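A.B. asks: For reference, the structure I am asking about is given below.
The values are calculated or read from the model by the stated rules, or taken from the named source; none is laboratory data. Model, not experiment: these values are computed from the prediction. Heads up, the Cβs are rebuilt from the backbone with ideal geometry, glycines too, and the neighbour counts pull from every protein chain shown.
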Amino acid sequence: MAELLEIKGLDVSFFTRLGSICAVRNASITVKPGEVLGIVGESGAGKSTIGNAIINLIEPPGKITNGEILFQDKNLRTLNENEMLNIRGQKIGMIFQDPQTSLNPVRTIGAQLLETINSTKELFGKLAYQNAIDLLKSVGIEQPEARMKAYPHQFSGGMRQRVVIALALAGDPDLIIADEPTTALDVSTQAQILDLIKALCVERQLGVIIVTHDIGVVSNIADRVAVMYGGSIVETGGVKKILSSPDHHYTKSLLAAVPRGDVKIKRFAAIDYIEGAAQFHKRIAVAEHWLGERLTDKKSEIAIVITDLNKRFVLKKALFKQNRIYNQAVKDVSFSIKTGETFGLVGESGSGKSTVARLVAGLLSIDRGSVKIFDKEIANKPQDKQVLAVQRELQMIFQDPFSSLNAKMSVEDIITEPIRYYKTAKSKDELNQIANDLLDHVGLGKKALYKYPHEFSGGQRQRISIARALAARPKILICDEPTSSLDVSVQAHILNLLKDLQEELKLTMLFISHDLPVIRQMCDRVAVMRYGSICEIAETNDLFNTPKNAYSKHLLGLMPKIHTLLSKTI
Amino acid sequence: MLAFVIKRCIQSVVVLFVMSLIVFSMINLVGDPVDMLVNPESLPEEIDRVRRDFGLDQSVQVQYWKFLTGAVSGDLGNSFIFGRPALALIAERFPATLELATCALILAVSVGLPLGIYAGLNPDGWGARIVMGGSVLGISIPTFWLGLMMIIIFSVLLGWLPVSGRGETENFLGIESSIFTVDGLRHLVLPAINLALFKISMVIRLTRAGVEEVMALDFIKFARARGLSSPRIIRSHLLPNIFIPIVTVLAIEFGTLIAFATVTESVFAWPGVGKLVIDAIVNLDRPIVVAYLLFVVTLFLVLNLIVDIIYAAIDPRVRLQGDR
């Protein structure tokens, strides 16, 4: 069949004061009608730029400098802005990452749909209205007549993304470009949206380009895959071929870095293809090391015991108690973590897993229930000396490495702050010595000491967070989605680092993630959370092989099955 | 909604009470009005009689209690100088000020908004730079100086417009205003522009910032990706979003236009409330000053309430406290 879209030798450069940066280099792709092409790559690989280049929406100072974009045998680069208006929406539709921000918040979705239908199809009045209703039905929105009058904030994330898809389809386009369409969504919503896109693609014979960093998404939906690295397409081919026997070295290491959901392996195969990515960290000789000094204190076998933990947030304040509206974020949660164990908490967003972490860390007050750390009750006794001593042994690593480090402090100040606060160093020299040493252990090196957080990438910042947590000489680490904002290759490095540190320092870990394969690789035991309560607690292998609870089964069923596609050579 | 309004009204009464307490006790610290009212060469008995007549011989607490009981029934006291109710005097002068402030607000929006949108959409163009430079000037030039310069140029040197005062007024549909006569309009032009200039600059800057912020958002990009034309994007996606902050700020600014038109009114001898209050301060006419300040507080309270209601009306995401 004839190609719907053919891009030949596309170059896109960004012109800045410091010279031009080549974002896309000599990229060539093709899409047929009824075919889904996945463009995969890590952040900064230039994959979104290709999508924007097709409909000529590259933000200045970006510019297409070379190449042809043939769409239905027309070169889009030769069209002027007015002709481009007839292509956008009518011929090529676009879906963006965040459904929260891609809809105008102050207008009803009906108004936004109708104006799009008016301008792309030149249908007005009753016909346009009927068309809008049909579109909403086709993307699976129930009671479309009533929903037409609703504002975007009255929809859930998944429903909003359906509206966005309806808007993209309003002009009956032949090609859909979906830029990370499910990244902001939960796993179960993600599966629904991907199914919808796939179904529309088959039904309407659309060409679809899915731009994503998530190989799981690609394996679920794409027919063919283009792998991007550093602005170039390194490999293109059928999805089975790419996932099972990739030719390019980068693709191989990228695939190896994806956490496996099927079997537990000891370490992640880290991507060694990327220059400078292989940061080796120094091993810790626990016996004579500062970090090991207090490890020998004999403590109990059980690190954390939580019984009937409850926490609710006030959603709406009111003078009278009966008028207040609460959100029960955590409801009767009980579990215990053995010393040296990694305990996982998994669940979708809003399931209360982060709230549990904050309650355990003493960052939120506990409504009801008890939290015992090394046999010490810490519930709501923030000023108790013994509680403070226990809390020092418990440190946290947060999800967002950008906001969890104080931008105005140097790395040295950040890392030494807990040591100075707890006065665990004997002299200034020792303090410096420890800070240097910690940076070596997290694989950053001494030169990082005098820099500021903005000079580091996301993965490096997360290493700084880990060093900061270690500086308090903790016995327990709480990791709240430590890698969910990182690329897979970086994630593999960070998770390996955490595994090594745990092994060396015999740390106890509470590991929170929405990502099942990561949980499988990291945890000894897992609790599945939903609506604030625990559905099931089981050994990791048992949970993944024979889940008992219905919701656990549902969650596991949604897990992308890419490794079943892979051959055994990886 | 109703619960919200009732709650706000109760809060307003508290604010007014506290304000009256502060104003009344402060103003009693400033000077002796009797000195201003009586010929200094009068006999001491005469001076004492005046003091008694105005109730100024009593302690501040007693005076305040009298004021408060009067205020509850709507009587804020009589002017020392005019011998008439202070509130009635303010009400008499208010239409002139309202007229001036309204014209200034209309000017600010009709000039500031288009220029701000233009500057926001073409941030690097020469036109935008001239507009933004002009807005800096408009914010920094003192109102009184500009007023005097305008009088010198347009009234004295060119002789195009009258120097000062309010022109003929005419009653139209029950509203007594000078905008219905040519003479009235000629008198209105200079003070209105003078008062509006600062607000025009403010609206330009506010709009420009709003446009730049909203144009960078995803939904504008998505609107472009769906093939909507630029005028359509500006009309139905950009404007509703930038109006939210602008409307809220402008409603409060309308209050400041009314309350602080004093300078312009003095320069152009505009017979509004501002002129009345300046004279009252100079003559230590306490009841008028107190009544005026309470009037301004009430004005702001009402405007704030209106802002909140408008805000909920134009931004569907906002739900008022106390709403279900």
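A.B. asks: Return the residues of region A:1-59 that are β-branched (V, I, T) and over 13 Å from A:I209 (Cα atoms); say none if nothing qualifies.
C.D. replies: A:V12, A:T16, A:I21, A:V24, A:I58
A.B. asks: Of all residues in region A:339-354, how many are of a type outside the set (A, V, I, L, M, F, W, C) and within 18 Å of A:Y551 (Cβ to Cβ)?
C.D. replies: Qualifying residue count for the region: 8.
A.B. asks: Which ones in region A:163-184 are farther than 21 Å from A:Q90 by Cβ and buried (at least 24 other Cβ atoms within 10 Å of the Cβ)?
C.D. replies: A:T182
A.B. asks: I would also like to ask the following. Quick one: how many residues across region A:30-47 are surrounded by fewer than 21 Cβ atoms within 10 Å (Cβ to Cβ) and not acidic (D, E)?
C.D. replies: Residues in region A:30-47 being surrounded by fewer than 21 Cβ atoms within 10 Å (Cβ to Cβ) and not acidic (D, E): 6 in total.
This table checks each residue for (1) at pLDDT below 85; (2) of a type in the set (A, V, I, L, M, F, W, C); (3) more than 27 Å from A:E203 (Cα to Cα).
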{"position": "A:L10", "(1), (2), (3)": "no, yes, yes"}
{"position": "A:L18", "(1), (2), (3)": "yes, yes, yes"}
{"position": "A:V31", "(1), (2), (3)": "no, yes, no"}
{"position": "A:A45", "(1), (2), (3)": "yes, yes, yes"}
{"position": "A:T49", "(1), (2), (3)": "no, no, yes"}
{"position": "A:I95", "(1), (2), (3)": "no, yes, no"}
{"position": "A:S102", "(1), (2), (3)": "no, no, no"}
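A.B. asks: Every residue in region B:270-295 that is more than 18 Å from B:S177 (Cβ to Cβ) and of a type in the set (G, A, S), please.
C.D. replies: B:A280, B:A291
A.B. asks: Taking A:A111 as the residue in question, decide whether it is free of Cβ contacts under 8 Å to residues at least 60 places away in the same chain, within 13 Å of chain B (Cβ to nearest Cβ) and assigned to a loop (DSSP other than H, G, I, E, B).
C.D. replies: When the stated conditions are applied, A:A111 does not pass them.
A.B. asks: The conditions are (1) touching a residue at least 40 places away in the same chain (Cβ under 8 Å); (2) over 21 Å from B:A259 (Cα atoms), and B:W126 fails exactly one of them. Which is it?
C.D. replies: (1)
A.B. asks: Still on this structure, I have one more. Within region B:166-240, which helices (runs of 4 or more DSSP H) (wholly inside it) include 3 or more residues that are away from every other protein chain (no Cβ under 14 Å) and touching a residue at least 24 places away in the same chain (Cβ under 8 Å)?
C.D. replies: B:182-215
A.B. asks: Answer yes if at least one residue in region A:71-78 is assigned to a helix (DSSP H, G or I), within 14 Å of chain B (Cβ to nearest Cβ) and loosely packed, with under 15 Cβ neighbours inside 10 Å, and no otherwise.
C.D. replies: No, region A:71-78 contains no residue that is assigned to a helix (DSSP H, G or I), within 14 Å of chain B (Cβ to nearest Cβ) and loosely packed, with under 15 Cβ neighbours inside 10 Å.
A.B. asks: Right, another one. Only one of these conditions is not met by A:N66: (1) crowded, with 21+ Cβ neighbours inside 10 Å; (2) in contact with a Gly (Cβ under 7 Å, 6 or more places away or on another chain); (3) among the polar types (S, T, N, Q). Which number is it?
C.D. replies: Only one criterion is unmet by A:N66, namely (1).
A.B. asks: Quick one: which residue in A:A146, A:A150 is of a type in the set (A, V, I, L, M), surrounded by fewer than 21 Cβ atoms within 10 Å (Cβ to Cβ), within 11 Å of chain B (Cβ to nearest Cβ) and within 12 Å of A:I109 (Cβ to Cβ)?
C.D. replies: A:A150
A.B. asks: If you don't mind, there's one more thing I want to ask. Quick one: A:T101 ticks every box in (1) within 24 Å of B:N241 (Cα to Cα); (2) in contact with a helix residue (DSSP H, G or I) (Cβ under 6 Å, 6 or more places away or on another chain); (3) touching a residue at least 40 places away in the same chain (Cβ under 8 Å) bar one, so which box is it?
C.D. replies: (3)
A.B. asks: For the list (1) under 23 Å from the mean Cα position of the chain (by Cα); (2) surrounded by 17 or more Cβ atoms within 10 Å (Cβ to Cβ), I need the number of the one condition that A:S188 fails.
C.D. replies: It fails just one condition, (2).
A.B. asks: Could you look through region A:80-102, keep only residues that are outside any strand (DSSP E or B) and small (G, A, S), and pick out the one that is nearest to the other protein chains (Cβ to nearest Cβ)?
C.D. replies: Applying the filter and picking the extreme gives A:G89.
A.B. asks: Given (1) under 22 Å from A:P144 (Cβ atoms); (2) without any contact (Cβ under 8 Å) to a residue 24 or more places away in the chain; (3) surrounded by fewer than 19 Cβ atoms within 10 Å (Cβ to Cβ), identify the lone condition not met by A:M159.
C.D. replies: Going through (1) under 22 Å from A:P144 (Cβ atoms); (2) without any contact (Cβ under 8 Å) to a residue 24 or more places away in the chain; (3) surrounded by fewer than 19 Cβ atoms within 10 Å (Cβ to Cβ) one by one, A:M159 breaks only (3).
A.B. asks: Hey, which of the helices (runs of 4 or more DSSP H) in region A:461-557, taking only ones fully inside, have at least 1 residues that are out of contact with any strand residue (DSSP E or B) (no Cβ under 9 Å at 6 or more places or on another chain) and modelled with pLDDT under 85?
C.D. replies: A:488-505
A.B. asks: Return the residues of region A:125-147 that are modelled with pLDDT of 85 or more, farther than 25 Å from A:D179 by Cα and either in a loop (DSSP other than H, G, I, E, B) or of a type in the set (D, E) (or both); say none if nothing qualifies.
C.D. replies: Within region A:125-147, A:Q143, A:E145 qualify.
A.B. asks: List the number of the failed condition for A:P453; all other conditions in (1) modelled with pLDDT of 85 or more; (2) under 24 Å from A:Q502 (Cα atoms) hold.
C.D. replies: (2)
A.B. asks: Collect the residues in region A:149-200 that are among the basic types (K, R) and assigned to a helix (DSSP H, G or I), keeping them in residue-number order.
C.D. replies: Listed by number, the residues that qualify are A:R160, A:R162, A:K198.
A.B. asks: From the list A:I397, A:I415, which one is in the same structural domain as A:M529 (by TED's automatic domain parsing), buried (at least 20 other Cβ atoms within 10 Å of the Cβ) and more than 22 Å from A:R530 (Cα to Cα)?
C.D. replies: Residue meeting the stated conditions: A:I397.
A.B. asks: Sticking with this structure for a sec: Return only the number of the condition from (1) within 13 Å of chain B (Cβ to nearest Cβ); (2) aliphatic (A, V, I, L, M); (3) under 30 Å from A:T483 (Cα atoms); (4) not in a strand (DSSP E or B) that A:L57 does not satisfy.
C.D. replies: Only one criterion in (1) within 13 Å of chain B (Cβ to nearest Cβ); (2) aliphatic (A, V, I, L, M); (3) under 30 Å from A:T483 (Cα atoms); (4) not in a strand (DSSP E or B) is unmet by A:L57, namely (3).
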